[in-house]
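> One structure follows; several queries about it will come next.
Derivation of every value follows stated rules applied to the coordinates shown; laboratory data play no part. The structure displayed is predicted, hence computed values, not measured ones. Because the Cβ atoms are built from the backbone with ideal geometry, glycine has one as well, and the counts that use them run over all protein chains shown.
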Amino acid sequence: MKFSVMQVSVMAGKLGDIFWDLAPAISYTAGYDIGCTIYVANTTNVEKGYALIARLTSGSQMLSEEALPVYGQTWFRVDPGDVAVLKGALRFNSSNAVLTVSLIEEETQAETDSVATTLIAPTGTTAALPPAWPGTTTTTTTDWTSMLTSMMPMLMFMMLGMMMVSSLKPSGEKPREERR
């Protein structure tokens with residue numbers, strides 16, 4: 001069987017690709033951090049410089065637009081065929097909007113790719129909770145009292161078994177022979 005080289009995805013930009021770990025729509029309360037990991041792939045054969053631009057829109061109205069600094073700089077470099085993994089957090093003063101992060105290629109100053117998610121204001125009892133960091137799970141507490149109570153019979157049987165085994169073992173002393 002002969003394998004061929006995988007072609008670049010239709011979804012990828014010609015000068016680079018961006019993707020992230022956020023769902024297409026998330027519950028977001030304005031003013032809280034949205035934790036995310038952004039991946040920037042250089043799909044070319046030469047080193048490229050990129051910038052990230054975040055836009056928040058509601059319908060046709062632009063709510064905000066700002067450059068996202070990477071390592072404290074607007075522009076960052078990615079080696080040919082490499083992927084930059086950028087972990088961070090985004091915070092906005094609006095909800096019920098579309099967040100778009102665009103990948104700008106330095107040489108052409110053109111948007112080569114983008115990702116988007118819809119920020120939906122929570123309703124009901126979850127309104128006071130901040131959004132969760134993607135990939136995390138909720139923590140639970142352990143009730144040690146109930147655990148010990150349920151383990152107690154098993155511990156008692158184990159101790160009884162150990163005592164029985166030790167009582168059945170012959171001791172290290174040789175028994176005295178009785179003389180007749």
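> Which whole-Hz ³J(HN,Hα) couplings does the stretch 36-42 yield from phi under the Karplus relation 6.51 cos²θ - 1.76 cosθ + 1.60, θ = phi - 60°, glycine and proline marked x?
Rounded to whole hertz, the list is 7, 10, 9, 10, 10, 10, 8.
> Using a Förster distance of 22 angstrom, determine the FRET efficiency expected from the C-beta separation of Glu66 and Asn96, and round it to 0.05.
Values: r = 19 Å, r/R0 = 0.86.
Rounded to the nearest 0.05, the efficiency is 0.70.
> Lys14 versus Ser114, label points 7 Å from Cα toward the beta carbon: distance in nm?
So the label points at Lys14 and Ser114 sit 1.8 nm apart.
> Something else now. Percent relative contact order of the stretch 9-106, based on C-alpha pairs within less than 8 angstrom and at least six residues apart?
Values: 196 pairs, mean separation 36.9, N = 98.
Relative contact order of the stretch 9-106: 38 percent.
> Under a 5 Å amide H to amide H cut-off, with H placed in plane at 1.01 Å, what residues pair with Asp113 once short-range neighbours are removed?
Here the answer is Leu103, since their amide H atoms fall under 5 Å of that of Asp113.
> Just order 23-31, 55-63 by mean Cβ neighbour count inside 10 Å, highest at the front, would you? Write down the numbers at each step before the final one.
Working: 23-31: 14.2, 55-63: 12.6.
The peptides rank, most packed first, as 23-31, 55-63.
> Moving on to the next point. Given H placed 1.01 Å from N in the peptide plane, which residues other than close sequence neighbours of Phe92 have an amide H under 5 Å from its amide H?
HN-HN under 5 Å from Phe92: Gly31, Tyr32.
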